[in-house]
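One structure is given below, encoded as structure tokens.
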Amino acid sequence: MKLRKTRIVERTFSNKKTYIIQQKHDLFFWWWVDAWINSYDAGCTDYFDTLEEAKENLHLFNGTKAIDRVVHEGK
């Protein structure tokens, strides 16, 4: 599986800084867009108050596969 190109940008409004995860647009691949634009879940959170928090959540947008592990199975 190919990882998706992502980046984190710092966006400043007046005195408030936020960190936004961006991806290459699905159709117009030369554009960088906020990650929610490519998401089927319009309510996804792609902005964070700290850079560290954004880095911790980057894996949600770059195509990293989740690892499922069965922890209990009923009879």
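The values are calculated or read from the model by the stated rules, or taken from the named source; none is laboratory data. Worth saying up front: this structure is predicted, and the values here are computed from it rather than measured. Neighbour counts are summed over all protein chains in view; Cβ atoms, including those assigned to glycine, are modelled from backbone coordinates with ideal geometry.
Selection of first residues in the stretch 14-43 that are more than 18 Å from T64 (Cα to Cα) and of second residues that are modelled with pLDDT under 85 and part of a helix (DSSP H, G or I), restricted to Cβ pairs under 7 Å at least 6 apart or on distinct chains, gives the following pairs, ordered by first then second residue: A42/W36. Where strands (runs of 3 or more DSSP E) fall entirely within the chain, those with at least 2 residues that are of a type outside the set (F, W, Y) and modelled with pLDDT of 90 or more are at 6-13, 16-24.
Of everything in the stretch 1-28 that's among the hydrophobic types (A, V, I, L, M, F, W, C) and touching a Lys or Arg at 6+ places or on another chain (Cβ under 9 Å), which residue is surrounded by the fewest Cβ atoms within 10 Å (Cβ to Cβ)? Lay out the reasoning, then the answer.
First pass over the stretch 1-28, keeping only residues among the hydrophobic types (A, V, I, L, M, F, W, C): 1, 3, 8-9, 13, 20-21, 27-28.
Remaining after also requiring touching a Lys or Arg at 6+ places or on another chain (Cβ under 9 Å): 1, 8, 20-21.
Working: M1: 6, I8: 17, I20: 17, I21: 23.
Looking at residues that are among the hydrophobic types (A, V, I, L, M, F, W, C) and touching a Lys or Arg at 6+ places or on another chain (Cβ under 9 Å), I get M1.
When the stretch 45-57 is filtered for residues that are surrounded by 15 or more Cβ atoms within 10 Å (Cβ to Cβ) and not charged (D, E, K, R), the ones remaining, listed by number, are Y47, F48, A54, N57.
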